[in-house]
Amino acid sequence: MTSLLIPCPKCGKILQLRDRRMLGRKRRCPKCEQSVVLKESDKVDLETVDASTHSCASEPTVDTSNKCLPANTPAQTAPDIAKVACTRSSEVEYAGVNLLTAPASGIEQLNELRRKNTKRRNMSIGAGAITALAVAGVILGVQPFLSSRQSNSRTNQPEKLDEKQSSEMKSLEASTQRFNSTSPTKGAPIQLLYVPGGARFIFNTRPAELWKANSLGQEVCHCLGPLGNWAKNKLQEICRHHPAQIDEALICLIPGEKDAAPEVSAVVHLIEETQMDQLVQELQAIRSDAYDHPVYLSEQYAYLIKDSRTFAIGPRHRVQEMVDAVVRPNYTSSGIEELINHTDRDRHLTIIFEPIDARKFQEVLVEREVWPFWGKFLDRFDDTQIETVAWSMHLEKKRFFSEILLRNTTNTQPAQLQRDMKQTINELPAELLKAIKTKMQPNEFGRRKIIGRFPAMMKVFSLATIGENGNRYARLVTSLDTDRAAPNLAIGAMLTWEESRRTDSGSNRPAPGKSAKQLPQRIINRLKIKIDIDFNRTPLQEAFAYNGK
């Protein structure tokens, strides 16, 4: 049964009456609590509505009885119903259903459509929100990628440079490993421990191996003649021990004023352990308790004893610097600090210096008679291109190994320095040959023979020299696989140097066909003159035939 809708006469609240048998009774309005008599309402004549308020009063009337208002229609007062009648037809219809004439089933369809539309609208709103979030996420995710692409495009050239530098570093490491594999020793770098600050001339040597009886090192030292003897005596004077007792010696020269002799410091490693009392007695020093380490002082020198085999020697007024360098080396030039890391303390001899200092302190470093040779030697190391030099050599039974490390100045590239030095070594044999031919005439046959062969020796040396470029340094390595290479080079260099000192550098050798000496007038006196003739590998009959002429 269809429920009756009865409006409250006071507030317009629609009261729903399900049982028609309740008609005629009173019921309290739930909204305004007005007592309402439940009865069917009469029809409302729309023409009685004030025309000033409703401009559509001429339109057809609508039956507003309770019979025409289904239970699902929203609560409206009589004036509101009249207003509905005044709306345009497009406003009366919703989704194809007339709001005024639709039966109850039509109203229910309308409500169902509204619910579906509301659900569809909510789903659309949710879908839109999700779509908006997704778009925002995509934008936020793509933005860093676009930024990185833009950044990469801006920094594309530095990335290429980084790849180039990485390739160069890999090539450098491979080259260094290849050259290190040819080294006869695998020792640790030289360290300036126990040495006062400011060391600029560094000599690291293995005296026991160089002066060992009947060894190749002893032969080389003997071939150096006066220079070998001077080195032996100087080493014994500084280290307070015979070279044969010293396993390793580090000698450093610390230059001061230009005209003052450089200060000397040394670190000595003995072969055999020595009792502390005996070592102190040999050093002739007195213990000082002013330091945390065992320090002994003499009138001029300070001695820092590490253990029964190792001790350091330095100037007395620099003892505190020696103590400070027990763990960490003291300061020196940046070139030496960098280049010393590439040295090998197991080599028989290593010399580190800076050419500009070698020239500056020439007068106090070497004797006057050596100055010409010293100057020509330094001419090979242009101080405008070379900041620091580290030369090392090692002797083996059937091999002579030499390595020259050159730290370039800031205005020179390592590759250019390596090429220039290689060219200098290649030109040296021709220069020696020219000087020997034009300025030297040794009196003794043996000297003349060795000096004459010295340019050929240096030619072999230059042909065996290969180079590489490092990080701020150039390296030249020479390996001669013969046990006579080192002695021959040593005696050839020594005899050539001595002959150059005896030869007047301003005069040339006599021209061919003109004798340097006036021959005796009589033949009998000429026959008394001694001559040197080499019949080596000459048949005996030819030698007799020559002498018979």
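Observations on the model:
- Annotation note: Cβ proximity below 9 Å between a residue of region 322-348 that is touching a residue at least 12 places away in the same chain (Cβ under 8 Å) and a residue that is surrounded by fewer than 19 Cβ atoms within 10 Å (Cβ to Cβ) and among the aromatic types (Phe, Trp, Tyr) (sequence gap 6+ or interchain) occurs for 323/291.
- Top-ranked residue in region 366-418 [being in a helix (DSSP H, G or I) and touching a residue at least 40 places away in the same chain (Cβ under 8 Å); ranked as nearest to the chain's Cα centre (by Cα)]: 414
- Test result for residue 248, out of contact with any Cys (no Cβ under 7 Å at 6 or more places or on another chain) and at pLDDT 95 or above: yes
- Qualifying residue in region 342-352 (condition: under 33 Å from the mean Cα position of the chain (by Cα), in a strand (DSSP E or B), at pLDDT 85 or above and surrounded by fewer than 18 Cβ atoms within 10 Å (Cβ to Cβ)): yes
- Of the numbered criteria (1) under 42 Å from the mean Cα position of the chain (by Cα); (2) surrounded by 15 or more Cβ atoms within 10 Å (Cβ to Cβ); (3) of a type outside the set (Lys, Arg); (4) within 21 Å of residue 377 (Cβ to Cβ), the one residue 427 fails is (2).
- Exactly one residue out of 418, 413, 362, 423 is modelled with pLDDT under 90, out of contact with any Lys or Arg (no Cβ under 7 Å at 6 or more places or on another chain) and of a type outside the set (Gly, Ala, Ser): that is 362.
- Of everything listed in (1) in a strand (DSSP E or B); (2) surrounded by fewer than 17 Cβ atoms within 10 Å (Cβ to Cβ); (3) not hydroxyl-bearing (Ser, Thr, Tyr), the single unmet condition for residue 474 is (2).
- Verdict on residue 328 being within 38 Å of the chain's Cα centre (by Cα), closer than 29 Å to residue 474 by Cα and surrounded by fewer than 18 Cβ atoms within 10 Å (Cβ to Cβ): yes
- A residue that is more than 33 Å from the chain's Cα centre (by Cα), surrounded by fewer than 15 Cβ atoms within 10 Å (Cβ to Cβ) and under 30 Å from residue 496 (Cβ atoms) can be found somewhere in region 261-283.
For every residue, the table says whether it meets (1) touching a residue at least 40 places away in the same chain (Cβ under 8 Å); (2) among the charged types (D, E, K, R); (3) closer than 22 Å to residue 199 by Cβ; (4) touching a strand residue (DSSP E or B) at 6+ places or on another chain (Cβ under 9 Å).
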{"residue": "273", "(1), (2), (3), (4)": "no, yes, no, no"}
{"residue": "279", "(1), (2), (3), (4)": "no, no, no, yes"}
{"residue": "294", "(1), (2), (3), (4)": "no, no, no, yes"}
{"residue": "312", "(1), (2), (3), (4)": "yes, no, yes, yes"}
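- Screening residue 436 with (1) over 22 Å from residue 225 (Cβ atoms); (2) in contact (Cβ under 8 Å) with a residue 24 or more places away in the chain gives one miss only, at (1).
The values are calculated or read from the model by the stated rules, or taken from the named source; none is laboratory data. For clarity, every value in this text was computed on a predicted model and none was experimentally measured. As a convention, Cβ positions derive from the backbone with ideal geometry for all residues, glycine included, and neighbour counts pool all protein chains shown.
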